[in-house]
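Input: a single structure, listed below in structure tokens.
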Amino acid sequence: MSDHWLPVADALATIQHQIEPLHETETVPLQDALDRIIARPIHAEIDVPGYDNSAMDGYAVRAAEATIDAPLKIVGSALAGHPYAGELAPQSCVRITTGAQMPADCDAVIMQEQVERIDSAIRCQTNVHAGDNVRPQGSDIHKGAVILTQGQRLTPTHIGILASLGCAKIEVFRRLRVALFSNGDELVLPGEKLQADSQIYDSNRFTLHAMLQRLGAEVLDLGLIADNCDALEHAFRQAMRSADVIISSAGVSVGDADYTKEVMTKLGQIGFWKIAMKPGKPFAFGRLDQSWFCGLPGNPVAAVVTMVQIVQPMLRRLAGEHFSPPLQLQARASTSIKKKPGRMDFQRGHFNQRDGQLWAEPAGSQSSAVLTSVAQANCFLVLEQDRGTIDAEEIITIQPFDSLLT
């Protein structure tokens, strides 16, 4: 391995050490807050539920009076939103529906299937204990409790919890502004006609744009940039005016027409240029005035892999999110897997469970140009840098695809 190839762990550490999360915030309506990053801890201002309520349709009773075959007179009803307001006389009960507030002095609910109804009274057919089928006040959320912490990405469940607390608006960090462009004279926009055998459609930018949308970024799409130093410099200068991050696809290898390094040297600072990973060795990271730059490889699988493994953690940290490392599991190789030592290999794989054991194998072609290999996979096979060919049934690490790829 070349001394200039940075190990994946070192590349990640270098980026995480250099960047600082954004601090600008905005307040958005709750219905627009999905996938936004919370800017302040959220404390509950009320109990949830706000009162003792029934977990079942049945009868609210005093448990001490609800002995088997003892008659209890039905004196009223309690419905959700319409509580029973009277006082309960001895040896009486209240018809109650799920979610309705418990009447005063009642400490249990007996299910309607467990009573015998006789005119305006019931007889209990089972023993009843205090607390049966009652959801106490604050049993879900206690007033004053920390519900969500700064840096959490809001999920649909979080939205529901905030709604249950009466929150109509939420303070979040502003969206990242990411400028995106593709570089290459061989590229053609989808919808246009290929004019020569040497032309291909630009798939990378559309893939990356979709991934950035999944991450909640505000994308400034600069389109296709020609293999021209002046055109590339113009694109960089345009992006630098408003973007927090600039992402390019292609133009970071060592070809004669790859001008990115030249422009980067002129306009900013290069952090590192190559990573000891496969696919994705030609990856550039640097600083352009107030913008960070990530130069992704041109091969489509390499662009996807570097986006997931290198760029995603950076964007999440920059956005203010507390991002945990991706889930990795241990599995047995279903077949032998070819690998040369020297680079960490992120092969596209498929895993399943058989007889209580996870098994995994490569999915389709492992060429960095074959994007369908990602569509056919459900995980990465994460093969260590110094590891060689893996024999069948050896233990390997897998990283199941998350929402960025599914």
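Taken together, the values in this text are just the output of simple stated rules run on the coordinates, not laboratory data. Please read these numbers as outputs of a predicted model, since none were measured by experiment. Here the Cβ is made from the backbone with ideal geometry for all residues, glycine too, and neighbour counts use every protein chain on show.
Structure data summary
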{"quantity": "Greater than 24 Å apart at Cα, pairs in LYS193/LYS266; LYS274/LYS340; LYS261/LYS281; LYS278/LYS338; LYS281/LYS340; LYS193/LYS281", "calculated": "LYS193/LYS266; LYS193/LYS281"}
{"quantity": "Rounded to whole Hz, the Karplus (6.51, -1.76, 1.60) HN-Hα couplings of the stretch 379-384, x for glycine and proline", "calculated": "6, 9, 8, 8, 9, 4"}
{"quantity": "Matching label, Kirkwood radius over Cα pairs in Å computed from the structure shown, candidates [x] 22.7; [y] 25.5; [z] 21.8", "calculated": "[y]"}
{"quantity": "Calculated from backbone phi, Karplus (6.51, -1.76, 1.60) coupling profile of the stretch 323-332 in Hz, x at Gly/Pro", "calculated": "9, 7, x, x, 5, 10, 10, 9, 9, 9"}
{"quantity": "Assigned charges on the beta-carbon of Lys, Arg, Asp, Glu; the stretch 329-400 dipole about Cα centre (debye)", "calculated": "220"}
{"quantity": "Where labels lie 7 Å past Cα in the beta-carbon direction, separation of SER336 and ALA392 in nm", "calculated": "1.0"}
{"quantity": "Cα-based shape type of the stretch 329-400, given that a ≥ b ≥ c are square roots of the gyration tensor eigenvalues and the cut on a/c is 1.5", "calculated": "oblate"}
{"quantity": "Amide H within-cut-off set for ALA70, under 5 Å, with H built and near neighbours excluded", "calculated": "CYS124"}
{"quantity": "Interchain or long-range residues, amide H under 5 Å from TYR201's placed H", "calculated": "VAL188"}
